[in-house]
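Trainee: Take a look at the following structure, please.
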Amino acid sequence: MASEFEKEYNSEQSSAQTVYSKCSNCGSNMVFDPATQCLKCEHCGQITDFEKSNLVKEIEIEEAFRKAENWDDEADSYRCENCGAVVILPRGEIATVCPYCATSHILKSEEIIGLKPNVVYPFTIDKEQGVERAKSWAKKQIFAPRKFKKSLTVNNVRSMYEPCFTFDSSTFSTYHGRVGNRRTRTVGSGKNRRTETYIVWRYISGTYSHNFDDVMINAGTTYSQKTLNNLLPFNYDTIKVYNKDYLTGYVARRYEKPIEEAWGEAKGNMDAKIKSSIIAREYCDVVDYVSVSTTHKAVTYKYALLPIHLLHFRYRKKDYAVCVNGNTGKSTGKTPISAIRVAIAVALGLAAVIGLGYLFFKYFYL
């Protein structure tokens, strides 16, 4: 007889249609293998290839605005066809692993709510390699305690695909402002002779064009935009058209940041780069103000899934999170800080500043 939970599931819950892969040789679970870029049986090692495509396409952003849906309160349920357990696919996940039999379950593309991912950066570095890359990174952190570097106890290693929007835009900007250059002159005579600095101001105006390609905006909540920036770049030569088989054996999350908000952040990043590029080409030392007006044309996006290994180093009863780019091995995160090492660095820095100050004083005034 069905349990009360199962009755409720059958009558009230909306069931997600998931797909999963089994080995044709022994019936065990298949997972995506970064080394072969194929599905590999966890039991007998059989390798099974699947369809792959490099024909990545950009999508017009207006199409995204039309298709985007609000799914904040959605949660999907499914019955694991391997062991029969009723499992909830948490809000925001595209793929998960059954907690009872470790079978991977992935939402069918047509069942994914809101925008559909259209590209994926596959894992090329497996979990064990990711841990080694994280350890190598941690050992290079100057301010980390020596005892921490020697132990490097790893906890809670998770490998997942995280959502990201990338944007392309052809921009045209007009600008005007006032900038200046520092100059020096000698004034006074005798003991009052001295060198002073002044600024020569000038007004600027003009136009500036730039084509932006793949400005990446984090669309999840597992880590921050700053962390994503520290993990860049991902190897574009490996990017593929989305196929559910890349997700087999991993957790994959849907975007939690609306594409309208992500596009707003991307424009902000583009505006900052445009302004800094304009200032750089004016060869100025000081900026009074620069006003820039920018128009965007041919704006396109990709909804990408990024491979991330997330782990924690345990040290003195505290966890320090580290993210590893599962596509390149680049790592970023936090480590404990040695107060002694920081104090030594500060002392050396102050000594250097004092030394430079003395040389400057001796050269100009003695």
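Trainee: Looking at the range 128-335, send over the antiparallel percent of its DSSP beta bridges, to the nearest 5.
Mentor: 95
Trainee: Give me Asp285, Asp126, Asp237, Asp168 sorted ascending by neighbouring Cβ count inside 10 Å, so fewest comes first.
Mentor: Numbers: Asp285 12, Asp126 15, Asp237 6, Asp168 18.
Taking fewest neighbouring Cβ atoms as first place, the list is Asp237, Asp285, Asp126, Asp168.
Trainee: Starting with the fewest neighbours, write out Ile47, Ile94 ranked by other beta-carbon atoms found within 10 Å of each beta-carbon. Could the numbers behind the result be given before it?
Mentor: Details: Ile47 13, Ile94 29.
With the fewest neighbours first, Ile47, Ile94 line up as Ile47, Ile94.
Trainee: Could you pull out every one of the lysines with an alpha carbon less than 30 Å from that of Lys275, ignoring same-chain neighbours closer than 8 positions?
Mentor: Lys57, Lys226, Lys257, Lys267, Lys297, Lys302, Lys330
Trainee: While we're on this one: Please get the size of the charge dipole for the range 151-211, origin at its Cα centre, with Cβ charges of +1 on Lys and Arg and -1 on Asp and Glu, quoted in debye to the nearest 20. Intermediate values should be presented prior to the final figure.
Mentor: On the way: 9 positive and 3 negative charges, 178 e Å.
Value, rounded to 20: 860 debye.
Trainee: State whether the range 128-335 is rounded, prolate or oblate according to the following rule on the C-alpha gyration tensor (a ≥ b ≥ c being the square roots of its eigenvalues): a/c under 1.5 gives rounded; otherwise a/b larger than b/c gives prolate, and the remaining case gives oblate.
Mentor: Here the range 128-335 falls in the oblate category.
Trainee: So how far, in whole Å, is the C-alpha centre of the range 118-161 from the one of the range 178-196?
Mentor: Centre-to-centre distance over Cα atoms comes out at 54 Å.
Trainee: Going 7 Å from the Cα of Ser205 toward and past its Cβ, which residues in the range 159-188 have a backbone nitrogen under 18 Å from where you end up?
Mentor: The answer is 173-180.
Trainee: Using the number of other C-beta atoms within 10 angstrom as an exposure proxy, rank Cys98, Cys38, Cys44 with the fewest first.
Mentor: Values: Cys98 19, Cys38 16, Cys44 11.
With the fewest neighbours first, Cys98, Cys38, Cys44 line up as Cys44, Cys38, Cys98.
Quick note: the coordinates plus some simple rules give every number you see, no bench work behind them. Every value quoted in this text rests on a predicted model; they were computed, and no experiment measured them. Glycine also receives a Cβ, built like all others from the backbone with ideal geometry; neighbour counts cover every protein chain displayed.
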